[in-house]
Amino acid sequence: MQMKYLAIVVAGAACAAQPAAAQFKTQGVTDTEIVLGTHQDLSGPIKAWGVPAANGLKLAADEINAAGGINGRKIKLIVEDSGYDPKKAVLATQKLIERDGIFAMISPMGSATTLAPLPIVQRAGILHLFPITAAEFTYKMDPGKPEDRLKFNIFVPYYDTMRIGLHWAVKNKGFKAPCIIYQDDEMGKNFTDAYKDEVEALKIKAGTMASFKRGATDFGSQVAKAKADGCDLVALGSVVRESVGIVTTAKKLGWEPGFVASTPTYVPDFPELGKENAAGVYGVGQVEIIDSAAATGKVKAFIDAYKAKFGVEPNNQVIAGYNGLMTFAFYANLAGKNLTTESLLDAMESGKEFVDIFGSPPIKFSKTDHLGVAEALVAQVKDGKWQTVAKNQGYKD
Amino acid sequence: MHQPVKTDYSQDLRLFRTAGQVWSYAALAVFLLAAPILFGNYLLSQVVFVIIYAIVGIALIILSGYTGQVSIGHAAFLAIGAYTAAYCQKQGIPFVVYFVLAGALTGVVGYLVGLPALRLHGVYLAIATFAFAFIVEEILARWESVTNGNEGIMLALPDLFGLKLGDTGFYYLCLAVVTTIMLGAINLLRSPTGRAFVALRDSETAAKSMGVNPARYKTRSFAISAAITGLAGVLYAHKLSFISPEMFTLSLSIEFIMIVIIGGIASLRGAVFGAIFMIMVDPVLATLKDDLPGLVANVVSVLGLNGGGAQEAVARVVNAPGLKSLIFGLIIIFFIIFEPFGLAGRWEKIKLYVRLFPLYKATTFKRQKMYLKSERGR
């Protein structure tokens, strides 16, 4: 009996000692079908993101299939629920790779839920495409790790949007003393890093940096401090509700500086909740907010199709999923009839531009840059709505 | 209950009481050792999570089940273990060293958390451990030079004596750890320390009058429980390969409590049952979601009804996002009301039923005591 254990242990150790060879693998492609997998938060704390993103992916899959598929292959999309729990995301990823044999992971949701299973996807040698998070891990490549070539992203990081906003406002609107009020967490850290770097790049003096806790409702001290220090442009390193709180507090104190916000605030809720206090605030975003009433052409067709399928108006979270799959489809078409992980990688790194139907900045990748986008738009709240004031902005002159 | 006739004092010291136990555990051992050959990575991964949760379950059963102390801060101990591993791996410290270090460090922290336990009972102790968990979460987010703050840290699979572990190797590592801890816990609970824990749980006054020092044993229980959780934390960090403060929240602590409630608070075996349940519910639901609608449709159409409609209806039910929370809630209520000793308790009853058939009577367990009440015997 003991010998048998020993034999198994030795066999196990031998399996265990295999080096993790970085090989790209192609699975999930037949003559008629491409299997794609994703995990979304459908039941956890960020399901307000996960559910519409999953719907966006489904809508895109339906549209692609209705149009005849990709080089004759239909897309089979498998959606798993991670509940924003990294452990479940890991298991869901393994299920997708092993049981469903997916060709690529497409637009998975969240930072922690994407980062924990990422090594599994890479070890399996399949592509990890366009996770809905702007964390650096999802696109930054380590030259020593060939498997890092499998990572791609198409979302402008918080850091970039904040720099773009500050850069644009200082250069075009004549502000001289920017300061920042930020949420004290990972997101806020991106914003403060961007603030420090941009202030240095613009060669102006760094001003007040005031933080608040996630979920805070009182911003009196932070706003008063910024006001006392002579700040004339407040960068909002905050999410919708806190952004509204900050601009409202400033109004109450009789102070009217400029405000510039990043993607978490560039959502329709901000002008709705902020009402007249939100007027004039600048915001930075990647995709223009959908305006159902004013939409025409392809965007209108998209809105109608979404409403018909899911019974509600689409929002920008839907576009995050929709564009993910559409970007995949564009490059998979380029890769041609012989679709493999290698051929898709070559197509993506070819530098060809993908332009979406929403007028976003074009997406393109290269061998050294797997973050598909470097530009964003600047908008301002006018008449209770976000209205675009400048497109395709970057922070590098 | 069934007790073999004792003919020898050494029988009391044996790990396995009956020949049946020896054979069934041997079969389990063979099965677990062969698991990597039998299972794919997906199932193996589930087993690894079960093992990690079982280790935490053992820790919590020692503390709550055997010493009668409540903790809703065990996610914090897990976090301390996990971050010790992440930090040490970055510094190039070998796995064996930081594995032990993580256990020791968490043990010391557990001892300190145990100090308020000397003065607090029941819900107040729960609040104290809850506060502790919050403090740890805050420290993890703030102490950026060590923890990398909210950005989190990535880890690689560990190197064991220069051997780079793959998924299979890591599985065997976890299996070795859980076996050692399980044997250690069994031995602990039949040592004087373990007896003292039980005495404290049943009646602090009585224990004191028998010369058991509550301060010493309560803190010791906290330290041991925390240390074991810390070891689980090391494995957890390596398994997830990425950790950040937002993972170690109250809901994780509550998941751990659910392990012991569902598994059975009064038996170490319960930790394993509870862990299996907690981990496997999701994959089973995922499988159901894929296969059940088609299955039902087939059955319905065999009966000559509208298969497609049934398929859609079933698909809608199994895809409902809140389904899992509902099932969990119902199960917990069910266990607390009908089976306070959890799956382990149910298993004992089934075994007895089979053994005594047809003479089994439900009243055998009528007078079982419940130790979940922390105020008991004060």
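Could you list the residues of region B:118-155 with an amide nitrogen less than 18 Å from a label point located 7 Å from the Cα of B:I93 in the Cα-to-C-beta direction? Answer for this model: B:140, B:143-149, B:153-155. Against chain A, whose longest principal axis comes from its Cα atoms, helix A:186-201 is set at around 60 degrees. Ratio of Rg to Rh for region B:100-170: 1.12 [Cα atoms; Kirkwood radius as inverse mean 1/r over pairs]. If you sort A:I154, B:I331 by accessible surface, 1.4 Å probe, largest first, the order is B:I331, A:I154. Per residue, the accessible area of chain A comes to 41 Å² when a 1.4 Å probe rolls over the protein heavy atoms.
Using a cut-off of under 18 Å, list every residue of region A:40-77 whose amide N is near the label point 7 Å from the Cα of A:K298 along the Cα-to-beta-carbon line. Residues A:56-71 qualify, since their backbone N sits under 18 Å from the label point.
Look at the Cα gyration tensor of region B:25-279: its axes a ≥ b ≥ c give a/c of at least 1.5 with a/b at or below b/c, and that counts as oblate. When the P(r) of chain A is calculated, the portion above 31 Å amounts to 41% of the C-alpha pairs. Once all protein chains are placed together, B:V300 keeps about 30 Å² accessible to a 1.4 angstrom probe. Counted by Cβ distance under 13 Å from B:S267, the other residues give a net charge of +2, where Lys and Arg count +1 and Asp and Glu count -1.
Model label sites at A:A67 and A:E272, defined 7 Å from Cα along the beta-carbon direction, differ in position by 3.0 nm. DSSP beta bridges fully contained in the protein assembly as shown are about 35 percent antiparallel. In the context of the full set of protein chains, residues of region B:25-279 present 36 Å² of accessible surface per residue (probe radius 1.4 Å, heavy atoms only).
For chain A, the longest principal axis of the alpha carbon atoms and the long axis of helix A:2-16 meet at an angle near 50°.
Taking every Cα-Cα distance in the protein assembly as shown and sorting them into 10 Å bins starting at zero, the pair-distance distribution P(r) comes out as 2, 12, 21, 23, 20, 13, 6, 2, 0, 0 percent.
The helix-based estimate of mean residue ellipticity at 222 nm for chain B, built from -39,500 (n - 2.57) per DSSP H run of four or more residues and divided by its residue count, is -23500 deg cm²/dmol to the nearest 500.
Across region B:93-238, the fraction of Cα-Cα pairs farther apart than 27 Å, rounded to a whole number, is 35%. Ligands, DNA and RNA excluded, the heavy atoms of A:D184 present near 50 Å² of accessible surface to a 1.4 Å solvent probe.
The eigenvalues of the Cα gyration tensor, multiplied by 5 and square-rooted, give region B:155-291 an equivalent ellipsoid with semi-axes of 32, 20, 15 Å from largest to smallest.
Residues with beta-carbon under 11 Å from that of A:P268, excluding A:P268: net charge, scoring Lys, Arg +1 and Asp, Glu -1? Taking every Cβ under 11 Å from that of A:P268, the sum is -3. Measuring how big region A:82-204 is from its alpha-carbon positions, Rg and Dmax come out at 17.9, 58 Å. With all protein chains in place and ligands, DNA and RNA left out, the 1.4 Å accessible area ranks B:Y83, B:Y9 as B:Y9, B:Y83, largest first. Each other residue within a Cβ distance under 14 Å of A:V156 adds +1 if Lys or Arg and -1 if Asp or Glu, for a net charge of -2. For B:W143, the accessible area of its heavy atoms, probed at 1.4 Å with every protein chain present, is near 140 square angstrom.
The values are calculated or read from the model by the stated rules, or taken from the named source; none is laboratory data. Keep in mind that this is a model prediction, so the values were computed, not measured. Here Cβ is always computed from backbone atoms with ideal geometry, including for glycine, and neighbour counts include all displayed protein chains. Remember, those area values only see protein heavy atoms, side chains included, never the ligands or the DNA or RNA. Shrake-Rupley method; radii C 1.70, N 1.55, O 1.52, S 1.80 Å.
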